[in-house]
Amino acid sequence: MAVAAKIQDAIERSSWIRKMFEEGARLKALHGPDKVYDFSLGNPDLEPPEKFRQVLGSVIAESPTGAHAYMPNAGYEETRAAVADYVSREQGVRVGSEHVVMTCGAAGALNCIFKALLDPGEEVIVSAPYFVEYGFYADNHGGQIRVVSTKDDFTLDLGAIEKAINSRTKVILINSPNNPSGQIYDRDSLKQLGDLLTASSKKMGRTLYLVSDEPYRKIVYDGFEVPSIFEAYPNSIVATSYSKDVSLPGERLGYLVVHPEADEVKGLMGGFVLANRILGFVNAPALMQRVVTHLQGACVDVGVYQARRDLFCQGLADAGYELVKPRGAFYLFPKSPVADDVSFVRLLQEENILVVPGSGFGSPGYFRIAYCVGKKTIESGMPGFARARKRALGE
Ligand SMILES: Cc1ncc(COP(=O)(O)O)c(C=O)c1O
C-alpha cells in the first residue's frame, strides 16, 4: 500500500466527513443546490468586514521592499506587537511581542504547541464534544488525547478532568465558545480548573499546561463574555485565528500567546518558534500578517449569526427537538431523537438536510448543525427537520 497504514486508518476513521461531502455533492447535482440544506460545514459565509478590504488595498499599495521575503519564524515584530497589545487588554494580563508567535491559523498554533510540548505517549485531556481534528493534531506529535465528558449542558466537568489526570498528562485543552456545542465556560469554572491544575502540577512535581483554543471568542450572544484563561492559570497558552471572527479561514492566519509568567517561558517560546519552522510552516503568511496588524479587534456582524441561532432554536424547539441554547460560535448541538445519531443523520439526508453526527465529536446521541448559511436555507430546511424527527420516532 502506498499510503502509510496509520494514515489509511485515519482516512477510514474520518470517512464520514468525506461521505457527507460526497453525499452533499450528489444531492445538489440531483435536486439543485437550492433544494439541499447543507449545515455540515463550519465555513463562515459572511464576508470579512469592510475594513479588511480597505486595509488589504492599502497594504498592497504600500508594500515595502522585501515585503515577500522570509522573516523571523515567529512573524513580523510589528504584527506581534499589535497582537500583544490587543491580547493584553482581552486577557487582562500584560503580554509582550516576545510572547506571541504568528501561525497558520488556530490549527497551525495547536500543532506548534503540541510539537513543542508533547513527548511520545504524553496525553492531552479534551472535554467532549470536541473538534475532531484535536486527535489528529496530538497524534501528529506522538501524543494522544484522553477524552472526558462534560455535564448535561456541556459545561466543564472538573471531577472528570481531575480523574483523568495521570502521570502521562501534559496538556489540558479547552475550546470556548465550543465547537460543536456553542457552550462558554464561565469564570468560576476556569478559576476552579486553574486551581485544580496548580494543585495537580504540585502533586506530580511537573507542570500541566492549559491550552485554550479560542477562534470563536468574539462570536458570542446575549451579552455573554469569554473569561480570561490567563487570569485563571499562569501556565496557559491561547491559540486562535482570524478564521471565524473576521471570516478569513482560507488565508490561514492565527497566533499563539504564552502567559508571560508561565514556567520556563523563554524555553517554551523557543520551542514554539522552532516548531513553526520545522513543521514546514516556516512563518505565517506575510501579506496577511501586515493586514491584521491594523485589524485588531475586528469582527463580522455577530447579530446576523445571533438572528439565525434564534430562528433555528425556535424552529427546532417547535418541532420537538431538545437542545441547549448555544451562547457562542455558529453551531447547534441538538439531541438526536433516537440514540443512533448516525442513522438519524441518514434520515435527515433523505430530507436533503446535511448535518454531522455527534459521534464525530466524541458525543454519540447528538448531531451538529452549522448555521453559517443564509436565513432562507434555515427556513426552507425546517419542515424536513420536523418530518425526520417524526419518522425516527415512528409518529
Ligand atoms: C474549535 C476549532 N479549533 C480550531 C479550528 C481551526 O481553525 P483555523 O482555520 O483557524 O486553523 C477550528 C476550525 O473549524 C475549530 O472549529
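The values are calculated or read from the model by the stated rules, or taken from the named source; none is laboratory data. Since we're looking at a predicted model, the values are computed, not measured. Cβ placement follows ideal geometry from the backbone for every residue including glycine, while neighbour counts extend to all protein chains displayed. Each accessible area value is taken on the protein alone, full model and side chains, heavy atoms only, with ligands, DNA and RNA left out. Shrake-Rupley method; radii C 1.70, N 1.55, O 1.52, S 1.80 Å.
Work out the FRET efficiency for Leu274 and Asp153 from their Cβ-Cβ distance, taking R0 = 41 Å, and round it to the nearest 0.05.
According to the calculation, E is roughly 0.55.
Would you work out what percent of the accessible area of the chain, with all protein chains in place, is carbon or sulfur (probe 1.4 Å)?
Roughly 52 percent, rounded to a whole number.
Can you grab the distance from the C-alpha centre of the range 371-395 to the C-alpha centre of the range 288-306, Å, no decimals?
Centre-to-centre distance over Cα atoms comes out at 32 Å.
Report, to two decimal places, the Cα Rg of the chain normalised by 2.2 N^0.38 Å (N = number of residues).
Ratio of Rg to 2.2 N^0.38 Å for the chain: 0.99.
Cα centroids of the range 74-113 and the range 39-60: how far apart, whole angstrom?
Cα centroid to Cα centroid, the span is 20 Å.
Counting heavy atoms of the protein chains only and a 1.4 Å probe, report the per residue accessible area for the chain as a whole number of Å².
Each residue of the chain exposes 43 Å² on average to a 1.4 Å probe.
Quick one: length gained pulling Asp195 to Glu231 fully straight, 0.36 nm per residue minus the C-alpha distance?
Separation in residues times 0.36 nm, less the Cα-Cα distance, equals 11.8 nm.
May I ask for the angle, rounded to the nearest 10°, between helix 77-91 and the longest principal axis of the chain, with both axes built from Cα atoms and the value confined to 0 to 90°?
60
Taking the full set of protein chains and a 1.4 angstrom probe, give the accessible area of Thr65 in square angstrom, rounded to the nearest 10.
150
Provide, as a two-decimal number, the C-alpha radius of gyration of the range 1-53 over 2.2 N^0.38 Å, N being how many residues it has.
1.67
I want the antiparallel fraction of DSSP beta bridges within the chain, as a percent rounded to 5.
If I count the DSSP bridges inside the chain, around 45 percent turn out antiparallel.
If Lys and Arg each add +1 and Asp and Glu each add -1, what is the summed charge of the other residues whose beta carbon sits under 15 Å from the beta carbon of Met102?
-1
Given points 7 Å out from each Cα along the Cα-Cβ axis, report the Ala160 to Asp188 separation in nanometres with one decimal.
Label at Ala160, label at Asp188, 1.9 nm between them.
Using only DSSP helix segments of four residues or longer, with each worth -39500 (n - 2.57), what per-residue ellipticity at 222 nm results for the chain after dividing by its residue count and rounding to 500?
That calculation yields -13500 deg cm²/dmol at 222 nm.
Could you work out how far apart the two model spin labels at Lys203 and Lys35 are, taking each label as a point 7 Å from the Cα in the direction of the beta carbon, and quote it in nm?
My value for the distance between the label points is 6.0 nm.
Within the range 366-395, name every residue whose backbone N is under 12 Å away from a label modeled 7 Å from Cα of Glu350 along the Cβ vector.
387-395, by backbone N distance to the label point.
Report the FRET efficiency, 1/(1 + (r/R0)^6), for Ala317 and Glu98, where r is their Cβ-Cβ distance and R0 is 41 Å, rounded to 0.05.
With a Förster radius of 41 Å, E is 0.25.
Would you check the accessible area of Ser149, probe 1.4 Å, heavy atoms only, in square angstrom rounded to 10?
70
Rounded to the nearest 0.05, what FRET efficiency is calculated for Val265 and Val338 with R0 set to 56 Å and r the Cβ-Cβ distance?
E between Val265 and Val338, to the nearest 0.05, is 0.65.
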